[in-house]
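Reviewing the structure listed below.
The values are calculated or read from the model by the stated rules, or taken from the named source; none is laboratory data. Source: prediction; values computed, not measured. Backbone-built Cβ (ideal geometry, glycine too); neighbour counts: all protein chains shown.
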Amino acid sequence: MVAESFAHSLAAVLKEEGGNDDDPQDHGGRTSRGITQREYDAWRSAHGQGPIDVWTAPQEDIVAIYHEEYWQPWCDSLPSGIDYLYFDFSVNAGPVRAAIVLQRALGLPADGRIGPVTRAAIKSADPKKLLFDFSDQKAAFYRSLHQPHFIKGWLNRVAFSQDIAASMMTTA
């Protein structure tokens, strides 16, 4: 449960997300470093700023979005390694989906809300077992999407994030 994990986790997520992309098969559309144009416009508007091309977004904006929208409020309270797994999946599939998949990994009813029952289950879980169960649930979710164009990359991401999370657990 380490607040300092954000910088390490962010670096790993940015590596997976890559640079600029506008794949016509990706429903997210124009994207830079994992942040879609639509999301960037909304974030800028919420901060009293007008829209600009996400491909030219300053890195500090990208970092702020990741911290405000995907790291907070739960990652600082999660065990080291699990914080990264949750963050990574939240970025890739959305915070509610990340909560649902985490709850499934914990064997809980999945409502997408990290409330007291989920927090207690996380606290009592074996972090290494949770790492594997969460990774298995992430892979199952990706397979359920039936999108052959993306499945190999998604499953590679599951393996990459599992390895990063395991290394974070051993250095914590």
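Scanning segment 55-72 for residues that are farther than 15 Å from Val96 by Cα and of a type in the set (A, V, I, L, M, F, W, C) yields Trp55, Ala57, Ile62, Val63, Ala64, Ile65.
Summed over segment 35-45, residues that are assigned to a helix (DSSP H, G or I), surrounded by 13 or more Cβ atoms within 10 Å (Cβ to Cβ) and not acidic (Asp, Glu) total 6. Would you be able to tell me the number of residues in segment 69-109 that are surrounded by fewer than 18 Cβ atoms within 10 Å (Cβ to Cβ), over 14 Å from the mean Cα position of the chain (by Cα) and modelled with pLDDT of 95 or more? Looking only at that region, the number is 3. The set of residues in segment 46-66 that are surrounded by 15 or more Cβ atoms within 10 Å (Cβ to Cβ) and either among the acidic types (Asp, Glu) or over 21 Å from His27 (Cα atoms) (or both) comprises Asp61, Val63.
Criterion first (touching a residue at least 24 places away in the same chain (Cβ under 8 Å), at negative phi and in a helix (DSSP H, G or I)) does Val91 satisfy it? Taking the combined requirement at face value, the residue satisfies it. Flag: Val101 matches the condition of being under 21 Å from Ala139 (Cβ atoms), touching a helix residue (DSSP H, G or I) at 6+ places or on another chain (Cβ under 9 Å), in contact (Cβ under 8 Å) with a residue 12 or more places away in the chain and not in a loop (DSSP other than H, G, I, E, B). What are the residues in segment 110-150 that are of a type in the set (S, T, N, Q) and exposed (fewer than 13 other Cβ atoms within 10 Å of the Cβ), if any? Ser124, Ser144, listed by residue number. A single entry from Phe141, Phe134, Phe150 fulfils the requirement of being of a type outside the set (S, T, N, Q), assigned to a helix (DSSP H, G or I), at pLDDT below 95 and over 15 Å from Val13 (Cα atoms): Phe150.
Within segment 11-34, can you find the residues that are closer than 20 Å to Phe160 by Cα and either of a type outside the set (A, V, I, L, M) or crowded, with 17+ Cβ neighbours inside 10 Å (or both)? Selection gives Ala12, Val13, Leu14, Lys15, Glu16, Glu17, Gly18, Gly19, Arg33, Gly34.
Taking the conditions (1) free of Cβ contacts under 8 Å to residues at least 60 places away in the same chain; (2) assigned to a helix (DSSP H, G or I) in turn, Gly48 satisfies each one other than (2).
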